[in-house]
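Colleague: Quick one: structure below, then a few questions.
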Amino acid sequence: MSALNKEYKRVTVKSLVEMKSNDEKISMLTAYDYTMAKIVDNAGIDVILVGDSASNVMAGHETTLPITLDQMIYHASGVVRAAKRALIVVDLPFGSYQSDPKEALRSSIRIMKESGGHAVKLEGGKEIKDSIKKILNAGIPVMGHLGLTPQSIYKFGTYTVRAKEEEEAEKLIQDALFLEKSGCFAIVLEKVPASLAKKVASKLTIPIIGIGAGNGVDGQVLVLHDLLGMTHEFNPRFLRRYLNLHDLMTEAVGNYVKDVKAVDFPNESEQY
Ligand code: KIV
């Protein structure tokens, strides 16, 4: 931590805006369970996202669409029990907020009451304006998510970079301005050209947290299991792996299997 950076006992939505105005970058990672969240929180992360990527990472689904509100609440509850410093943002899963604003509010209230999370995140811009307003009016902080929005994968057809063309880039800028004006406290910008992300970050006073959006934004987010190298098949250009836990864990489990077969485990000192 640099001497310029303020230490926060608990990061809040206000702290994030303060970080942006102090030019302090925001660190954000996903976590979906108690044990991982404890490690991430102790390491000093600013924001933990209980992402609907749990659908892929924890449950093995191909997309984020199948995960349910009950499952998100289950994941978020463990994270809330673990994290003492980070702000905890919970994704509203597909189908829990798109159909009507009242349902969006009901889903958000369930997340806040049943998991103890501090804020919700949802995907989209003006098309879901009534839902965003309804949630914000109830005093629930909302994080937006623009660019590549995985809940709309079947509309896009691919996970490639979004907003490369002028028209889509302009719509994204308008949506970001709209989310800020509506009262969202931050926006995730996923897989868009770095120059566009930088432009959005400089136009807005609320923080822009990027994933595959370059370093001209106010913070970065990654999926924890990707950063740790537990996932193997997913290799986008934006991903930096800090460990190869996949191989380390495979070796450790392989050694355990070998020791059990060889009656080397447990040894004298490992029994009663
Ligand atoms: O669900 C998730 O993990 C996310 C991040 C990729 C931002 O939304």
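The values are calculated or read from the model by the stated rules, or taken from the named source; none is laboratory data. Keep in mind it's a predicted model, so treat the numbers as computed, not measured. Neighbour counts are summed over all protein chains in view; Cβ atoms, including those assigned to glycine, are modelled from backbone coordinates with ideal geometry. With ligands, DNA and RNA removed, areas are computed over all heavy atoms of the protein, side chains included. Shrake-Rupley method; radii C 1.70, N 1.55, O 1.52, S 1.80 Å.
Colleague: For the range 179-192, just list the computed ³J(HN,Hα) in residue order, Karplus coefficients 6.51, -1.76 and 1.60, θ = phi - 60°, integers in Hz, with x standing in for Gly and Pro.
Modeller: These are the phi-based 3J(HN,Hα) values: 5, 4, 4, 5, x, 4, 8, 5, 9, 8, 10, 10, 6, 10 Hz.
Colleague: Among 215-225, 33-43, 101-111, 158-168, what's the highest-first ranking by average C-beta atoms within 10 angstrom per residue?
Modeller: Values: 215-225: 20.8, 33-43: 16.7, 101-111: 19.1, 158-168: 13.4.
Top to bottom by mean Cβ count within 10 Å: 215-225, 101-111, 33-43, 158-168.
Colleague: Something else about it: Give the shape of the range 3-241 as rounded, prolate or oblate, defined through the alpha-carbon gyration tensor: a ≥ b ≥ c are the square roots of its eigenvalues, a/c under 1.5 means rounded, and otherwise the shape is prolate if a/b is larger than b/c and oblate if not.
Modeller: Details: a/c = 1.13, a/b = 1.07, b/c = 1.05.
It comes out rounded by the Cα gyration axes.
Colleague: Highest first, please rank the peptides 205-211, 131-137, 143-149, 260-266 by the mean number of other Cβ atoms sitting within 10 Å of their residues. List each step's numbers first, then the result.
Modeller: Working: 205-211: 23.1, 131-137: 20.3, 143-149: 24.7, 260-266: 10.1.
Ranking, from highest mean packing down: 143-149, 205-211, 131-137, 260-266.
Colleague: To continue, here is another question. Under a 1.4 Å probe, what is the accessible area of the chain per residue, stated in Å²?
Modeller: On the way: 14280 Å² over 272 residues.
Spelled out: the 1.4 Å probe surface of the chain, per residue, equals 53 Å².
Colleague: Ignoring ligands, DNA and RNA, what percent of the accessible area of the range 135-272 is carbon or sulfur (1.4 Å)?
Modeller: Values: 4390 of 7990 Å².
Taking all protein chains in place, the range 135-272 shows 55 percent carbon and sulfur surface.
Colleague: Quick one: angle between helix 69-82 and the longest Cα principal axis of the chain, in degrees between 0 and 90, rounded to 10, please.
Modeller: 70 degrees
Colleague: Taking the Cα centre of each part, how many Å lie between the range 29-47 and the range 204-221?
Modeller: 20 Å
Colleague: With runs of 4+ DSSP H residues as the only contributors, calculate the mean residue ellipticity of the chain at 222 nm using -39,500 (n - 2.57) per run, divided by the residue total and rounded to the nearest 500.
Modeller: Numbers: 11 runs with 112 residues, N = 272.
Calculated mean residue ellipticity at 222 nm is -12000 deg cm²/dmol.
Colleague: Anyone know which of P93, P141, P236 comes out most mobile in the 10 Å Cα GNM of the chain?
Modeller: Among P93, P141, P236, the largest mean-square fluctuation in the Gaussian network model of the chain belongs to P236.
Colleague: So how far, in whole Å, is the C-alpha centre of the range 222-264 from the one of the range 71-98?
Modeller: First find each Cα centre; the distance between them is then 25 Å.
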